[in-house]
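Notes to accompany the following structure.
The values are calculated or read from the model by the stated rules, or taken from the named source; none is laboratory data. This one's a predicted model, so the numbers in the text were calculated from it and none came from an experiment. Each accessible area value is taken on the protein alone, full model and side chains, heavy atoms only, with ligands, DNA and RNA left out. Shrake-Rupley method; radii C 1.70, N 1.55, O 1.52, S 1.80 Å.
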Amino acid sequence: MKFKFFCLFILVSLLCSAAAKDSPVSAGDWHVCTGSFSKKENADNAVKKLNEEGISSFSSKTEKDGKILYRVLTEKKFDDIKEARKYRDELSASKAASELKLKGLWVCQEDKTEVAVPASLPQPLPAAVELEKNETDENFFSEEKPYSVLIQTYKEEQQANNDRDRLREKEIDSYVVKKFDEKELFSFDLNSGAFENMEEAENQKKKIEELGIKTREVTDYSKAKEAVESYDKLTQEEKVVFNEGVYTVPDFFTANILNTIRDFPVNRNFQLEKAAIIDFDNCRKQNFGSEFDDVTEKLSMARQLHAVTYAVYRDELFDREVEVYMMDCDSIAEDKTERVALSEYDFKIRDGILRCRIYKADDLIMLAGKCEEKNLYLMMMSRDFTPEEYMAFLDSNRDGDDLLIYPQFRRTLLVLPDDSAEVKRDFLAFTLEKVQVSYAKSKGYAQWALPIVGHWNATAMLRQKNEFVSVSFFDLDYDYNARSVHGIFMDEKKTAPILDESISHSLTVNGTDSWYLNNWNGKEVSFSTQSYIIAVDSELFSPVTEKDLTSLAEDLKIWK
């Protein structure tokens, strides 16, 4: 196994272009939302408590991703979103909010459309969202109005929908074009406008870019028509689902790891690109710590480093990236680097405050600080902001959220096994990364490689029975994707002659068609289920047996 991969991954450098400020303005009746509930009685209870504290509120029924939700909105409403956000901040800082433990307030508009409530709402764990056909109207490009601005392309519908809503806040007409083709499977384009001629579309593109928003090209309906029709046909003929994941973490995570995850800063306008978790205490205990010498050198200010969680966030609309480290350590050494301290900043976390400073060195701007009572140290850096933009970005981060708000993070952690009485497992490290085009290129653009691009590659390193094992997998977001790609793998393996059954053969894991391989790369049990293609591995000369790997595969939480 290539353990050095973890170090290279952690030390990735970020270089991106600067972008303009994001200051959305929109008209309409804006309210502050204090919470969202799947059960109306819970929303009604929240409304009662708010009203008792003098905060007039009501519940509003809405539908999101096919699920009925009940949002708790304040009666006070605003025509200007900026004024609504100002009230949100005042309410967040109020004594009533503190007593009611209100966190993560946001602004939204009341959903006044009729929402059909099914007789009984399904409660699958994890929740599955079914893909539905394109919704077209006069704003959707067509043969009559074939020209549109293609802003971005996504592999996950919920990311496309999130950025669509942000554009609509800015009063930019936008919609999601859902597509399917046999080579790349599902994709979701964020488009703006439908025009009869190219000139009108080019003017729309220019208007959008003047706001600092990154666009791709003016596109023609004829380029997308076949893929749009294929998507609609497929999703009407076959159920294709996306798993939301569940808000849970493996029970073998130590308190130090949980500390860094639960207080990890997030921003809902920035999507997850990469993430990593390292348990340095376990690495040292298992003589695995030397694999991360480069990381400890970079984080040399941390004394007795226990755990690190790391992430790269990206805002596709404004072409910005932010790199974040949250460390659990005993203390922090005095900062002696030559950096210009711009200001002090108190960064709110779930149950405390990080006392921080904002620094600037050349084109890098960084927030660094600590919460001594929780042994937490934060570094958050970027090359894509002016100091003023960076302050606005920090102010838009929401306390009370953590990395688990990202479905990709939830779903990949959901794969990992819990501890059991029979098998003791020690967690060492975990990485998650969006697959780039370079991966498909390295595989010669194989038939199975292209559909993986834009989805997720994860690896967890564990110690089981005093031996190193890993769970490596692709999360392809939609079950159809995983079945298609893994089907190619299995067809190739089953049609190839098996020279030695001890080296390569088929088997079954929890009733799932699987494969065992033992070669110079090591031992591996691989299979596909839900949206995942999973390989459970051990090293070449490890005493770990096929039975051990199969047992680990059957202990994964995905079967529960």
Checklist entry - What accessible surface, in Å², does a 1.4 Å probe find on Glu171, ignoring ligands, DNA and RNA and rounding to the nearest 10? => result 120 Å²
Item to check | Accessible area per residue, Å², the stretch 171-252 with all protein chains present, probe 1.4 Å | outcome: 52 Å²
Checklist outcome for this item: At the level of C-alpha centres, the distance separating the stretch 166-194 and the stretch 524-539, in angstrom, is 32 Å
Checklist entry - How much accessible surface area, in Å² rounded to 10, belongs to the heavy atoms of Ile353 with a 1.4 Å probe? => result 60 Å²
Item to check | Average accessible area per residue (Å²) across the stretch 416-560 - probe 1.4 Å, nucleic acids and ligands excluded | outcome: 43 Å²
Item to check | Above-threshold pairs, the threshold being 28 Å between Cα atoms, out of Lys76/Lys155; Lys82/Lys370; Lys207/Lys443; Lys145/Lys274; Lys82/Lys348; Lys183/Lys434 | outcome: Lys76/Lys155; Lys82/Lys370; Lys207/Lys443; Lys145/Lys274
Next on the checklist: Could you give the length gained by full extension between Leu258 and Glu229, i.e. 0.36 nm per residue of separation minus their alpha carbon distance, to one decimal place?
Outcome noted: 5.9 nm
Item to check | Computed over the stretch 41-107: relative contact order in percent, which uses C-alpha pairs under 8 Å that are six or more apart | outcome: 22 percent
Next on the checklist: Please report the accessible area of Lys95 (heavy atoms, 1.4 Å probe, ligands and nucleic acids excluded) in Å², nearest 10.
Outcome noted: 150 Å²
Item to check | List Tyr87, Tyr445, ordered by accessible area with a 1.4 Å probe, largest first | outcome: Tyr445, Tyr87
Item to check | Probe 1.4 Å, all protein chains present, accessible-area order of Asp79, Asp555, largest first | outcome: Asp79, Asp555
Checklist outcome for this item: Rg/Rh over Cα atoms for the stretch 375-492, Kirkwood Rh, comes to 1.06
